[in-house]
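Worksheet for the structure shown next.
Nothing in this text is a laboratory measurement; each read-out follows from the coordinates by a stated rule. As the structure is a computational prediction, the values presented were derived from the model and not from experiment. All Cβ positions, even for glycine, are placed from backbone atoms using ideal geometry, and neighbour counts span all protein chains on display.
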Ligand SMILES: [Ca+2]
Ligand SMILES: [Ca+2]
Ligand SMILES: [Ca+2]
């Protein structure tokens, strides 16, 4: 009896007078990726007279059966039977045993751990509308590969979230990019509650958290992080910033631990603080986390964090939100037009997550005229949230303060919208400007129709009209 040397990997129990049973594998060393397969073949000796062989494995599963099938009987045809063994998603050594009524044999298959050398994590939007008590979802994507370009099984990739949850979808692999699709579910919990985003203190001009808001009546002219106090709470943009994190076992390019343990930097200061969720020695906790040692380490946990804004309904209760004019009292005449400024921000001074379908701002006046003559201004959705301009063009938020979250701040004015006097009159004219906002809390929330603070512009009486 002869076999190809590489194929015959083990031949164990053939006891007494039972005919021999030879067991071989097409490969005995493969990646624990949940996808790779090896074919196990059991060949009976000439004297065998049996109808089926039962296979059992201690790791992996038999295909095409259900993923949990670890025992399978196959009919014997031409003196042999074979099964396809599918790799598990974690490192293991599988002992596969084939048995029949005359004896048994076993073979060991090695499933190698996959260590990621790359990890990429992204979401569809940086700003999502979240209303208290309403669930909002968006898609995110994660890709992790080893040095050979093999995708790491989804089961090996983990997530930490400051608020909300991340979960793989059933059809989560893109064959081309290797990205796996996730759904992020923002649970609508309130900022500052245990399952909501962390309520953080505003950063002062020294870049350190301040326990009081030092901004004056207009938070957007403040040299520190914009903030205002209402209802005993300091509202600042980072209150709505949620950190999401993906991690996977892997190795770094230089073989050193340059990453430290994964942690959710809920307060955005770049370091782990007590109370921030950490994956410490493979377990989630909030009271210990090891920073990068930069020492050689065969395995580390690769991780990547994202920040997402939970934005809410437009703020209308504060004087700095809504419409404002460069002056409220002026004279008749073209040169005396007033420049209008509109701020649409949520309670934390973040831009709204605009829904491109029908979100709009309309401005009207009971006298006078606008230039350009626009009554309705569409929202424009961008990666950094809602920005808008008088002519509907996309504008990007300008450079912000120096604490690294520039892109989350709203555009402070819309273009050069001007408001001009009505026809000249020898008595004062008073024009009231009203602003209305139509906004859908995306992607599936309710439509909000909201009036904003009206403003009144008074044109003083002219002594003479031409
Ligand atoms: Ca705060
Ligand atoms: Ca921190
Ligand atoms: Ca946060």
Report the full-extension gain for the segment residue 254 to residue 291: residue separation times 0.36 nm, less the Cα-Cα distance, to one decimal in nm.
11.6 nm
Rg and Dmax [Cα atoms of the range 133-243; Å; Rg one decimal, Dmax integer]
19.2, 58
With a point put 7 Å past each Cα toward its Cβ, work out how far residue 298 is from residue 221 in nm, to one decimal.
6.3 nm
Values of log10 I(q)/I(0), in the order q = 0.17, 0.18 Å⁻¹, for the range 177-310 under a Debye, Cα-only, solvent-free model
-1.00, -1.06
Working out 0.36 nm times the residue gap between residue 167 and residue 369, then minus their Cα-Cα distance, what length gain in nm do you get to one decimal?
67.5 nm
